[in-house]
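Report on the structure given below.
The values are calculated or read from the model by the stated rules, or taken from the named source; none is laboratory data. This is a predicted model, so every value here is computed, not measured. Ideal geometry is used to build each Cβ from the backbone, glycine not excepted, and the neighbour counts take in all protein chains shown.
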Amino acid sequence: MTSTNCTTPAAAPNGARSDGPVTGRLFVYGSLRSDAQAWTRRAARPFAQLAAAAGLEAPASIAGRLHAVSWYPALVLARGAQRVRGEVWRINDPAILPVLDAFEGEDYVREQRSVRFDDGFRATAFVYRYAAPLEGVPLIPSGDYVDWIRSQT
């Protein structure tokens, strides 16, 4: 998928949202979460690249289910399902998207979806959903990868 410009309100440096256009947002729910870095060293390089190309905006969630594929999770989008916890990054350099596409691999598809910030604000963000079969892959019942990975160590 290609990136598109997003004109939903962006977070200003003081945390308030502004009406200015942003290059885009990215919702991360697994090994690229800022609070997952102590447990997922395998994602250290792509996380550093993300941090250089985007700014952490706020915690958020998306409707769906999370599965434990391996040391990384898989998101299945589903309406009316539980909420999957993550965070939204404000993309400053769209060149990060092909880098993250390569990191995520062929089993993931990047799409734009609605996410909900913890304060109830909704925005459109890129998200990587899992597109491969998940038969027999365990569910992460809490929908929170960091809680799950902590419980595995």
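Some points to look at:
- The combined condition, being more than 23 Å from Ala54 (Cβ to Cβ), surrounded by fewer than 16 Cβ atoms within 10 Å (Cβ to Cβ), without any contact (Cβ under 8 Å) to a residue 60 or more places away in the chain and not acidic (Asp, Glu), is fulfilled by Ser151.
- Some residue of the range 103-119 being surrounded by fewer than 19 Cβ atoms within 10 Å (Cβ to Cβ), among the hydrophobic types (A, V, I, L, M, F, W, C), in contact with a Lys or Arg (Cβ under 7 Å, 6 or more places away or on another chain) and farther than 22 Å from Phe47 by Cα: no
- Test: residue in the range 22-36 that is in a strand (DSSP E or B), under 19 Å from Val146 (Cβ atoms) and in contact with a helix residue (DSSP H, G or I) (Cβ under 8 Å, 6 or more places away or on another chain): yes
- Candidates Ala54, Ala16, Ala74, Ala60, filtered to the one that is modelled with pLDDT of 95 or more, more than 26 Å from Val137 (Cβ to Cβ) and not aromatic (Phe, Trp, Tyr): Ala54
- Unmet criterion (only one of (1) within 25 Å of Pro138 (Cα to Cα); (2) in contact with a Lys or Arg (Cβ under 6 Å, 6 or more places away or on another chain); (3) buried (at least 18 other Cβ atoms within 10 Å of the Cβ)) for Thr40: (2)
- Checking each residue of the range 89-98 against the condition of being modelled with pLDDT under 95, under 18 Å from Val115 (Cβ atoms), of a type outside the set (Gly, Ala, Ser) and in contact with an Asp or Glu (Cβ under 8 Å, 6 or more places away or on another chain) gives no match.
- Evaluated against (1) within 16 Å of Arg33 (Cα to Cα); (2) crowded, with 19+ Cβ neighbours inside 10 Å; (3) of a type in the set (A, V, I, L, M, F, W, C), Ala123 falls short on exactly one condition, (1).
- Only one of the numbered conditions (1) more than 20 Å from Arg122 (Cβ to Cβ); (2) surrounded by 15 or more Cβ atoms within 10 Å (Cβ to Cβ); (3) not small (Gly, Ala, Ser) is violated by Pro98, and that is (2).
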